[in-house]
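The structure under discussion appears below in the form of structure tokens.
The values are calculated or read from the model by the stated rules, or taken from the named source; none is laboratory data. From a predicted model like this one, the values you see are computed outputs, not experimental measurements. Here the Cβ positions follow ideal geometry from the backbone for every residue, glycine too, while neighbour counts run over all protein chains shown. When the accessible area is computed, the model is the full protein with side chains, heavy atoms only, and any ligands, DNA or RNA have been set aside. Shrake-Rupley method; radii C 1.70, N 1.55, O 1.52, S 1.80 Å.
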Amino acid sequence: MSLIDGLLHRLRVLVRGERYASEQEREVEFHLELETMAQQSPGAGDAVDLLDAPDMRTAARRAFGNVTYYREESRRVSALHLLDRVRQDLHYAIRGLGRQPGFTAMVVVTLALGFGVNAAMFSMLNRLFTHQPDGVVAPGEVRRFYNDFHAPGTALANGRGVQVFDRYEYPHFRAMRRAGVGDALALVTEPDSVNVGGRYGAFSARETEVSSAYFSILGLRPAVGRFFVAEEDSIETPRPVAVISEYLWRTRFGQAPDVLGASVIIDHHPFTIVGVAPPTFRGIDLDAVDVWVPLNTRGYSSNDSRRWYENFGLAARLIARVRSRADEARLVTIVQNAMQTTQIPGYAFDPHETVRSGSLIAGRGPADPAKEASVLTRISAVALFVLIIAVANVVNLLLLRAANRRRELALRRALGISSGRLIWQLVLEGTLLSVIAGVVAMVIAAWAGGLLRHLVMPATHWATSPVDATTASFVLCLSLLIGLASGVAPALYGLDVQLADALKAGSASSGSHRSATRTALLVVQVGLCVVLLVGAGLFAKSLSNVMSIDTGYDVADVF
């Protein structure tokens, strides 16, 4: 049997252990039957021929050998003994932790707090810096465009005074279309709160305005109905149509099959629903979108509608799907030329202004990180400090528990258990505690994540829960890693003893034994706590100074 065949066989045995055990029993019975038939053959001798059936069976078992030994050897070769060992060790760890519920609860709560805070931070940072918008097809091909411009009255040397923005006006977009880009570019405004009414009830929603190519650039297909067509993306002939999210269709419209063609009132203006977006799509920003309308529908019933689009006031993002670097460079040049040649009242073009493209992810791209991202990175450092303190505290507790159990561990070694098996059992205890803490941490992360979102980014309507599959995987990996790391030190410390000394009657009080490791961990805990306390004090002082600034007018009752 080759190495690969052997591995595949062991994998099948692990997956179908019960079936393998029954097949093994049937094979043993088959060989016993063959041996019994051999005892009945003429060549077996006259003495054997005189035996009755039970005696023949006994003689066959004697000739076959020790059935139990062969069965255990077969399980050992097939790797089923690994499952048995893990099951036994897990049962031993659960029973040991159950005997000390106070210790178990203390360790679980300590680790859960550290895991939960870090999971909440990971969820926000992952969403901001690495998570592509849900539902977008091949999001790596979709690019956002940014402009570097020179802030008036500031120096240009070494890049100082250069600011980045990603807002474009409708005349810019019209000039890009005249350059022959067709539907390669699309505008999308920032989500805004609107009031929606109609026969399905009244509620608040998040609306954004897009050009007709928006959905096709993102590679989306409607769940129901259709998206906007080119004729509906014209400021000369406005058509008040709307596309709603699948979430809104499900929660507010009850997934009504007659939603297409239904009339809704959006901020006192009637709109006709023509389509429903895919289930996972809620826009390209962190702020979840419920309703999409064409660009021409902002104030379409007003006589000043066209003037709104011709002046500096739309401030929409510009996106495109690029297939190659040459495509991207061509679009950047077209956008750059449109910015240079278009005259807009209220907008002064900077001769040093340049166009760049960046990732669709909100926190990446050429633009400077938002203040929220800066705050999040600082809070993440605090959360990491909390985790280190929690782990140091737990390792200290496990070391103390190992010191109190040195006589028990020595007795088990004297009874024949190997040091490797004992280390594995102690590491399994630490890992089990950490995994339980990870489960509890998911609840803490859901609460802490919602609180952080409200405090750091209160204006954002998040489309997803603070705890998703990626965050759960992060907590699982973190709990396993911390569990293994926190279990190794106590295991090595608990076995570092002479058997004769540990088995003495008075050695049960060896829990007071101090170690350099425990002392070092205590120093780390105290040092990090001092850092956090000093940081909290400086933050409180800064907040007090900000609140005491004289603004020159009465800010009471001003919202």
Residue check, V142 over 30 Å from V439 (Cα atoms) and modelled with pLDDT of 80 or more: yes
Unmet requirement for A320, which otherwise passes all of (1) modelled with pLDDT of 75 or more; (2) assigned to a helix (DSSP H, G or I); (3) of a type outside the set (D, E, K, R); (4) crowded, with 19+ Cβ neighbours inside 10 Å: (2)
The range 233-250: number of residues that are of a type in the set (D, E) and out of contact with any strand residue (DSSP E or B) (no Cβ under 6 Å at 6 or more places or on another chain): 1
Pair list, Cβ < 7 Å and 6+ apart or interchain, from the range 83-106 residues that are on the phi < 0 side of the Ramachandran plot to residues that are open to solvent by 70 Å² or more (accessible area, probe 1.4 Å) and of a type in the set (D, E): none
Pair list, Cβ < 8 Å and 6+ apart or interchain, from the range 128-156 residues that are in a loop (DSSP other than H, G, I, E, B) and surrounded by fewer than 18 Cβ atoms within 10 Å (Cβ to Cβ) to residues that are modelled with pLDDT under 85 and among the hydrophobic types (A, V, I, L, M, F, W, C): T130/I361; Q132/L360; Q132/I361; D134/A463; A151/V162; L156/V162
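Can you pull out the helices (runs of 4 or more DSSP H) entirely within the range 169-276 that have at least 2 residues that are over 33 Å from the mean Cα position of the chain (by Cα), crowded, with 18+ Cβ neighbours inside 10 Å and touching a residue at least 60 places away in the same chain (Cβ under 8 Å)?
On the way: elements: 170-176, 214-217, 246-251.
Fully inside the range 169-276 and qualifying: 170-176.
Among the residues of the range 464-489, write down those that are polar (S, T, N, Q) and surrounded by fewer than 22 Cβ atoms within 10 Å (Cβ to Cβ).
First, pick out the residues of the range 464-489 that are polar (S, T, N, Q): 464-465, 470-471, 473, 479, 486.
Across the range 464-489, the qualifying residues are T464, S465, T470, S473.
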Residues located in the range 449-476, provided they are part of a helix (DSSP H, G or I) and under 11 Å from the mean Cα position of the chain (by Cα): A469, T470, T471, A472, S473, F474, V475, L476
Qualifying residue in the range 428-435 (condition: over 17 Å from T110 (Cβ atoms), in a helix (DSSP H, G or I) and more than 21 Å from the chain's Cα centre (by Cα)): yes
Candidate set from the range 404-417 (those that are in contact (Cβ under 8 Å) with a residue 24 or more places away in the chain and closer than 20 Å to P101 by Cβ); member that is least open to solvent (accessible area, probe 1.4 Å): R405
Set V456, V394, V439, V435: member being surrounded by 15 or more Cβ atoms within 10 Å (Cβ to Cβ) and over 21 Å from R95 (Cβ atoms): V456
